[in-house]
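The values are calculated or read from the model by the stated rules, or taken from the named source; none is laboratory data. Because the structure is predicted, anything quoted here is derived from the model rather than measured. Heads up, the Cβs are rebuilt from the backbone with ideal geometry, glycines too, and the neighbour counts pull from every protein chain shown.
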Amino acid sequence: MNLSSLYKQLKKRLRQKRRWLSLGFFIVAAAAGLFTVYATRSPDVPRDEVESAQTLAVSDTGPSAEAREVLNQIRETGGKRDVFMHKVYVCGEENLLIGQMASDEVVSLHGEHPQWSVELGQDGAVTFTEKIDDLSAACKNNAYFGLDKTGNLSLFEGPPDGEKVIRTFFQLNMGYLESSLQPETIDQLKEGIRVLDMEEYNSVLSTFSEFAVEETEKVMTPAK
């Protein structure tokens, strides 16, 4: 089985899973909507419960307490300092030198990107960290899913036989896996499945998560 056929199979399984997730989300959203309509019309439901139903999650986009403390230190000390950018990808990291910046420029830059974390080194250098939902350029060039020696689904730098593990995800139930998938797919996993972008990354990870030891134990354990 070539990679094109393998990805078609993996994407088909991922689409099936997404349909079930979408249905579940729709049911939850509909239930929340019905409760909100009922609650707003009923005097017996406390107002705070109505507001909770209307707002499922509230995100604070401002700087964290730690970031505010660092920024205050930078303001107080003033002067110019080296500023670095640390990019943390789903797979891979990158470190870049932005250059020297005055204290007010550092504070202003963080104000434009409050989601970045910020650290002040002992030498006075500032490091911003950004989390990116993507693969780094290095991973896009040379990342493979495969099996490590103990049967864990892992991400490798290069083919799995090089044993350069970037990240380990979960133990696979090999018996269940081999009885459920085509032999060609198992062979491809052992040789290494190359991933070029997040769609392929998510397709592989989502498909094989069904064969994680914990998940298969739930399926195989009879209800009490």
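All conditions but one from (1) over 30 Å from ASN202 (Cβ atoms); (2) crowded, with 16+ Cβ neighbours inside 10 Å apply to GLU69; the one that does not is (2).
For region 177-186, the tally of residues that are in contact (Cβ under 8 Å) with a residue 40 or more places away in the chain and surrounded by fewer than 17 Cβ atoms within 10 Å (Cβ to Cβ) stands at 2.
Only a single item in (1) closer than 25 Å to LYS140 by Cβ; (2) modelled with pLDDT of 90 or more; (3) not aromatic (Phe, Trp, Tyr) is not met by GLY162, and it is number (2). Of all residues in region 121-176, those satisfying the criterion of being in the same structural domain as GLU214 (by TED's automatic domain parsing), crowded, with 18+ Cβ neighbours inside 10 Å, among the aromatic types (Phe, Trp, Tyr) and touching a strand residue (DSSP E or B) at 6+ places or on another chain (Cβ under 9 Å) are TYR144, PHE145, PHE156.
Among the residues of region 83-120, the ones that are part of a helix (DSSP H, G or I), crowded, with 17+ Cβ neighbours inside 10 Å and small (Gly, Ala, Ser) come to 1 in all. A residue that is over 25 Å from the mean Cα position of the chain (by Cα), outside any helix (DSSP H, G or I), free of Cβ contacts under 8 Å to residues at least 40 places away in the same chain and closer than 18 Å to VAL88 by Cβ cannot be found anywhere in region 156-166.
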